[in-house]
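A short worksheet on the structure shown next.
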There are 2 protein chains.
Amino acid sequence: MMSERPTIADVARVAGVSKGLVSFALNDKPGVSVETRQRILSVASELGWKPSMRARSLSSRRAYAVGLVIARDPGIIAADPFFPALIAGIEIALAPAGQVLVLSMVADEEAEIASYRQLVENDRVDGVILTDLRTNDARIALAVELGLSAVTLGHPDIPSPFPAVTVDDAAGIRAAVAHLVALGHTRIAHVGGPSRMLHGSRRRNSFLAALAEAGLSGELAIETDFSSADGARVTADLLALAEPPTAIVYSNDPMAIAGMSVAQRAGFSIPQDLSVTGFDGSDLGNFTNPSLTSVSTQVQEWGRAATDALLRVIAGEDVVDVELAPAQLVPRESSAGPPRT
Amino acid sequence: MMSERPTIADVARVAGVSKGLVSFALNDKPGVSVETRQRILSVASELGWKPSMRARSLSSRRAYAVGLVIARDPGIIAADPFFPALIAGIEIALAPAGQVLVLSMVADEEAEIASYRQLVENDRVDGVILTDLRTNDARIALAVELGLSAVTLGHPDIPSPFPAVTVDDAAGIRAAVAHLVALGHTRIAHVGGPSRMLHGSRRRNSFLAALAEAGLSGELAIETDFSSADGARVTADLLALAEPPTAIVYSNDPMAIAGMSVAQRAGFSIPQDLSVTGFDGSDLGNFTNPSLTSVSTQVQEWGRAATDALLRVIAGEDVVDVELAPAQLVPRESSAGPPRT
DNA sequence: TACGGTGACTAAACCGGTTCAGACGACCCC
DNA sequence: GGGGTCGTCTGAACCGGTTTAGTCACCGTA
C-alpha cells in the first residue's frame with residue numbers, strides 16, 4: 001500500500017541524482033545530459049509522480065489559474081445563454097494547458113471590485129478575462145494596479161495595456177437593420193442594453209448609423225437593463241405609441257423573446273404586424289413561435305480565443321489584438337415585410 | 001515605496017516574537033497570551049499583512065477551494081437557467097469563507113471523470129459538489145477513491161458516504177399533476193429528462209404515482225435529453241396522437257417553452273386546447289405567451305446550502321443530510337381546464 | 001603545461017506559511 | 001524544598017517544488 005504520493009525527492013533518490021536536476025529535467029531546462037534526462041523521466045513515470053501544484057505555486061509564484069468575474073443580477077445571467085457559452089469556450093482553451101477557471105459571480109460593481117482584489121490578494125489567479133466592458137471601465141486601472149494580466153472582450157473606450165479580443169457586433173446590428181430595410185421597413189426601433197455597457201452603447205450607435213445610412217430616423221432607440229422584464233416593458237411602451245414601429249431590433253435574445261410575447265398579447269401578429277430580431281443567436285430562438293431572427297456571435301469561440309490570448313500574456317509573450325469573425329445575421333421567421341397600411 | 005508584500009516573518013520581527021507564535025495568534029490557536037495576541041494582530045494589520053494562500057496551501061495541504069464539474073452539452077446548459085442560479089448560490093456561501101469556486105464544464109462523462117481526477121491530482125480543490133446525479137453514479141466511488149470531500153445534490157440511488165442536500169422535487173411534480181387533475185384533466189402526459197439522471201427518473205416516477213393515485217393512466221411518459229429540441233420533437237409526437245393529451249407536464253422550462261411553441265404552431269391554443277407546466281420556475285416563464293405555470297425549486301438556496309454543507313464536511317464536521325423546502329407549484333396562465341369535447 | 005571555457009551535476013537557499021518538540025518561568029501542592 | 005503542571009513562547013523541521021552558486025571533470029588552445 002503505497003498511499004503517499006511520490007515527491008520530487010523520491011524521484012531524485014531512485015534516479016540517483018539531486019532534486020534540482022530532476023526539476024531541470026522535468027521542465028525541459030538545459031544542463032541535463034540526454035541519458036540522465038531519459039532516466040529521470042522514466043523513473044518519474046514509473047513512480048507515477050505528478051508535480052504538486054501547491055509547491056510549484058509557492059516557489060514559482062504563479063497560480064496556474066485564470067479568473068472570470070461576472071457582475072450582473074443573477075436573474076439576468078440565468079436568462080442569458082451568453083455566459084455558459086463563454087465559459088465552455090474558456091474551458092476548451094484552459095484544459096489542455098493544465099489550468100483551471102476560477103469563477104466568481106457577484107451582484108453589483110462594488111462586489112465586483114472586491115472580488116478582483118480578493119482573487120489577487122489570495123493568489124488565486126494569474127490573469128483575468130474582462131467581460132461586459134463599461135464606459136471608462138475602472139477594472140482596467142484596477143488590473144494594472146494589482147499587477148494582473150488580462151484580456152478584454154472587446155475594445156475598451158480608454159487606453160488599455162491589455163490585448164482586446166473582439167467580435168464585430170456592430171456588423172451584426174448593421175446586418176439586422178439592412179435586412180429589415182430591405183424588407184421595406186421604415187419605422188424601426190432598437191431595444192438595447194445599458195449605455196454604460198460598451199456593447200450596449202456600441203450596438204445602439206451602430207443601429208443609429210445604419211438607420212441614418214438608410215435615410216431613416218432613429219428616434220426609437222430605447223435603453224434597458226438587458227432583462228426580460230425590461231424588454232417586455234419597453235416593448236409595451238413602443239407598441240402603445242400613436243405610430244408604433246413595424247420592426248424592433250433587440251440587443252439580446254431574452255428581451256426579444258419577451259418582446260414577442262408582449263406584442264402577441266397586444267394583438268400583433270409576428271411577423272405580419274411586427275418584425276423582431278434578437279442578438280446572440282441562441283438555440284432558444286429556434287423554439288419560439290415564430291422562430292427568432294437573430295445575430296450570431298460565436299460566443300464559444302470568443303471565449304476560447306480570449307483564453308488563448310490571456311495564457312500567452314501570462315507567459316510573457318507580446319500579444320496583439322485578435323479580431324474574430326464578425327457577427328452574422330441568422331434570418332428565421334420573426335422578420336418579414338411591414339404590414340401594408 | 002514598500003512594494004513587497006509583508007510576510008509572516010516581517011510581522012514576527014516587528015512584534016518581537018517568533019514566526020510560530022504569529023501563526024498561532026492569527027489562527028486563534030491556544031497558547032498565546034491575550035496581550036501578545038493583541039500586539040501581533042495590531043502589527044499585522046498595521047503592516048497590511050495578508051496570509052499567502054500559496055504558502056498556506058502548501059503547508060496545510062488544503063486548496064481552500066471547491067469544485068463544480070458540469071457535464072452536459074453546452075447548448076443544453078446555455079438554455080437552462082439552473083446552473084447560473086446554482087452557481088450564484090454557491091458563491092454566496094463561498095465568499096464569506098474566503099474560498100473560491102473552480103468551475104469545469106465538459107461535454108461528456110468521460111471528460112467528466114478526467115476532470116475530477118485533474119482537479120485532485122493538481123490539488124485544485126478540497127471538495128466537490130456533485131450535481132445531476134445519475135443511476136449508479138460512478139462519481140461517488142471516484143470521490144471516495146480520490147479521498148475527496150463531497151456533497152450530493154439529491155440522494156444517490158447507491159450507498160454514499162457524503163451528505164445529500166435535497167429539494168423534494170417529487171412534491172413539485174405531484175403538485176403539478178394535482179393542479180391539472182383538479183382542473184379536470186384526465187389525459188396528462190409527461191416529458192421528462194433522461195432516466196439515467198436520477199432527477200429524470202424520480203420526476204417520472206412521481207408523475208406516474210400521482211397519476212395512479214388519481215386513477216389515471218400514465219402511458220404518456222416520454223423520455224428526452226432535456227434539450228429544447230427534444231422537447232419540441234416529443235411534443236409534436238404527442239399532439240399527433242389520435243387522442244392527444246390535454247395537458248403536458250414538462251421536466252424543465254426550456255422544453256416547456258419549446259413545447260408551447262410547437263403546440264401553438266400546430267393550431268392548439270394554450271391553455272384552451274392544451275395545458276402546460278414547466279419545472280424550475282425560471283424567470284423566463286414570466287415572459288412567454290401565455291406565461292408558464294411552473295414548479296419552483298429555489299435553486300439558488302440549494303447551491304448555498306450545499307456549499308455550506310460541503311465546507312463543513314471539509315472542516316471535518318459530521319454533517320447530516322439537509323432537506324430544503326419542497327418544490328412549489330407556481331400557477332400562471334398556461335394551465336386551465338381541458339377543452340370541452 | 002598551464003589556462004580558460006563549457007557541460008553536467010550537487011548542495012543549499014528559498015518561497016511563506018504550519019506544526020511540533022522542548023525551554024522556561026510561575027504557580028501549586030504535599 | 002522538591003517535583004509536577006500549566007501557560008507562554010522559541011527554534012527548527014516541514015510542506016514540495018524552483019533557482020542560484022559553486023564543484024568537478026573534461027576539452028581545446030596558446
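The values are calculated or read from the model by the stated rules, or taken from the named source; none is laboratory data. All values derive from a computational prediction rather than experimental measurement. Every residue, glycine among them, receives a Cβ derived from its backbone with ideal geometry; neighbour counts consider all protein chains shown. Ligands, DNA and RNA are excluded from the accessible area calculation, which covers all protein heavy atoms including side chains. Shrake-Rupley method; radii C 1.70, N 1.55, O 1.52, S 1.80 Å.
If the label point is 7 Å along Cα→Cβ of B:A97, which residues in region B:276-303 have backbone nitrogen under 16 Å from it?
B:301-303
Quick one: length gained pulling B:D28 to B:E145 fully straight, 0.36 nm per residue minus the C-alpha distance?
The B:D28-B:E145 span can extend by a further 38.8 nm.
If you take the beta carbon distance between A:A236 and A:T186 as r and set R0 to 25 Å, what does 1/(1 + (r/R0)^6) give as a FRET efficiency, to the nearest 0.05?
So, using R0 = 25 Å, E works out to roughly 0.70.
What number do you get for region A:29-131 when its Cα radius of gyration is normalised by 2.2 N^0.38 Å, N = residues?
Values: Rg = 18.8 Å, N = 103, 2.2 N^0.38 = 12.8 Å.
Cα Rg divided by the expected 2.2 N^0.38 Å: 1.47.
Expressed in nm to one decimal, what extension gain is obtained for the pair B:A209 and B:A325 from 0.36 nm per residue of sequence separation less their Cα-Cα distance? Walk me through the numbers on the way to the answer.
Numbers: separation 116, 0.36 × 116 = 41.76 nm, distance 2.09 nm.
Roughly 39.7 nm would be gained on extension.
Where does the charge balance sit around B:E46 when Lys and Arg score +1, Asp and Glu -1, over other residues with C-beta under 12 Å from its C-beta?
Result for the neighbourhood of B:E46: 0.
Ballpark to the nearest 100 Å², how much total accessible area do B and A bury together, probe 1.4 Å?
When B and A are taken together, about 4600 Å² of accessible area is lost.
Among DSSP beta bridges whose residues both lie in the protein assembly as shown, state the antiparallel percentage, nearest 5.
15
Need one value: the accessible area of B:T7 in square angstrom, 1.4 angstrom probe, rounded to the nearest 10.
Per-residue accessible area (B:T7): approximately 70 Å².
Only bridges with both residues in chain B count here: give the DSSP antiparallel percent, nearest 5.
Just about 10 percent of them are antiparallel.
Compute the long axis of helix B:109-121 from its Cα atoms, compare it with the longest principal axis of the Cα atoms of chain B, and write down the angle in degrees, 0 to 90, nearest 10.
Roughly 10 degrees between the two axes.
Mind listing the long-range amide H neighbours of A:V295? Cut-off is under 5 Å, sequence gap 5 or more, other chains count too, H placed in the peptide plane at 1.01 Å from N.
Sorted by chain and number, the residues that satisfy this are A:G278, A:F279, A:D280, A:G281, A:V330.
Just to check I understand the Karplus step: with θ = phi - 60° and J = 6.51 cos²θ - 1.76 cosθ + 1.60, what whole-Hz values come out for region B:92-102, glycine and proline as x?
The phi angles translate into 4, 7, 6, 4, x, 8, x, 10, 10, 9, 9 Hz.
Sum up the charges of everything whose Cβ sits under 12 Å from the Cβ of A:N289, counting Lys and Arg as +1 and Asp and Glu as -1, but leave A:N289 out.
Residues close to A:N289 contribute a combined charge of +1.
Residue by residue through region B:278-294, which ³J(HN,Hα) values in whole Hz follow from phi under the Karplus form 6.51 cos²θ - 1.76 cosθ + 1.60 (θ = phi - 60°), with glycine and proline marked x?
Along region B:278-294, the couplings run x, 8, 3, x, 6, 4, 3, x, 6, 10, 9, 10, x, 5, 9, 5, 9 Hz.
Taking the label point as lying 7 angstrom from Cα along the Cα-to-Cβ axis, what are the distances from B:R5 to the corresponding position in the remaining copies, in ascending order and in nanometres?
Distances between equivalent label points, in nm: 2.2.
Carbon-plus-sulfur fraction of the accessible area of region B:173-259, 1.4 Å probe, in percent? Don't skip to the end; give the middle numbers.
Details: 1690 of 3070 Å².
That fraction is 55 percent.
Only Lys, Arg, Asp and Glu count, each charged at its Cβ (+1, +1, -1, -1), so figure out the dipole size of the protein assembly as shown about its Cα centre, rounded to 20 debye.
Numbers: 56 positive and 78 negative charges, 310 e Å.
Dipole magnitude for the protein assembly as shown comes out near 1480 debye.
Send over the Kirkwood Rh of region A:275-341, from the inverse of the averaged 1/r over different Cα pairs, rounded to one decimal Å.
By the Kirkwood definition, the hydrodynamic radius is 14.2 Å.
All other residues with a Cβ under 15 Å from the Cβ of A:T235 taken together, and with Lys, Arg as +1 and Asp, Glu as -1, what is their net charge?
With Lys, Arg at +1 and Asp, Glu at -1, the net is -3.
Calculate the length of the line joining the C-alpha centroid of region B:291-312 to that of region A:64-124, in whole Å.
20
I need the peptides B:145-158, A:219-232 ranked by packing, meaning the mean over residues of other C-beta atoms within 10 angstrom, with the highest value on top.
For the peptides B:145-158, A:219-232, the packing ranking is A:219-232, B:145-158.
Using the alpha-carbon centroid of each, what span in Å lies between region B:1-41 and region A:211-262?
Cα centroid to Cα centroid, the span is 60 Å.
Just to be sure I follow: if Rg is taken over the C-alpha atoms of region B:111-171 and Rh is the Kirkwood radius over the same atoms, what is Rg/Rh?
Using only Cα positions, Rg/Rh for region B:111-171 is 0.98.
D for region B:145-207, whole µm²/s, Stokes-Einstein with Kirkwood Rh over alpha-carbon pairs at 25 °C and 0.890 mPa s: what number?
For these conditions, the coefficient is 180 µm²/s.
What 222 nm value per residue comes from the helices of chain A, counting each DSSP H run with n ≥ 4 as -39,500 (n - 2.57) and dividing by all residues, nearest 500 deg cm²/dmol?
Using -39500 (n - 2.57) per qualifying helix, the result is -13500 deg cm²/dmol.
Could you list log10 I(q)/I(0) for region B:169-296 at q = 0.18 Å⁻¹, which the Debye formula gives when each Cα is one point scatterer?
-0.87
Taking A:H155 in one copy and the same position in all the others, each labelled 7 Å out along Cα→Cβ, what are the pairwise distances from the first, in nm, shortest first?
Label-point distances to the other copies, shortest first: 6.0 nm.
Within a 10 angstrom radius of each residue's Cβ in A:118-130, how many Cβ atoms of other chains show up on average? Whole number is fine.
Shielding by partners across A:118-130 averages 3.
Counting heavy atoms of the protein chains only and a 1.4 Å probe, report the per residue accessible area for chain B as a whole number of Å².
Accessible area per residue, chain B: 41 Å².
For B:D321, which sequence-distant residues (separation of 5 or more, or a different chain) have an amide H within less than 5 Å of its own amide H, given hydrogens modelled in the peptide plane?
B:A164
If all Cα-Cα distances of the protein assembly as shown are sorted into 20 Å bins from 0 onward, what percent lands in each bin, rounded to whole numbers?
Result, from short to long distances: 17, 45, 30, 8, 0 percent.
What nm distance separates the two modelled labels at A:E317 and A:R117, each placed 7 Å from Cα along Cα→Cβ?
That separation, rounded to one decimal, is 3.4 nm.
With each pseudo-label sitting 7 Å past Cα toward Cβ, what's the B:N136-A:D157 distance in nm, one decimal?
About 5.9 nm, to one decimal.
Along each of its three principal axes, how wide is the spread of alpha-carbon positions in region B:8-51, in whole angstrom units, largest first?
Sorted largest first, the three principal extents are 23, 17, 16 Å.
Each residue of region A:141-152 in turn: what ³J(HN,Hα) in whole Hz from Karplus with 6.51, -1.76, 1.60 and θ = phi - 60°, glycine and Pro shown as x?
5, 4, 5, 4, 4, 7, x, 7, 7, 7, 9, 10
How about region A:237-268: which of its residues lose at least 10 Å² of accessible area in the presence of all protein chains relative to their chain isolated, using a 1.4 Å probe?
Residues passing the criterion (a loss of at least 10 Å², heavy atoms only) are A:I257, A:A258, A:S261, A:Q264, A:R265.
If you take the beta carbon distance between B:T36 and A:E219 as r and set R0 to 45 Å, what does 1/(1 + (r/R0)^6) give as a FRET efficiency, to the nearest 0.05?
0.05
What number in nm² do you get for chain B if you take the convex hull of its Cα atoms and divide its surface by four?
Approximately 21.4 nm², given one-decimal rounding.
Within 10 Å of each Cβ in B:59-67, how many Cβ atoms from other chains are there, averaged over the peptide?
Average neighbour count from other chains, rounded to a whole number: 2.
To the nearest 10 degrees, how steeply does helix B:228-239 sit against the main Cα axis of chain B, on a 0 to 90 scale?
Roughly 20 degrees between the two axes.
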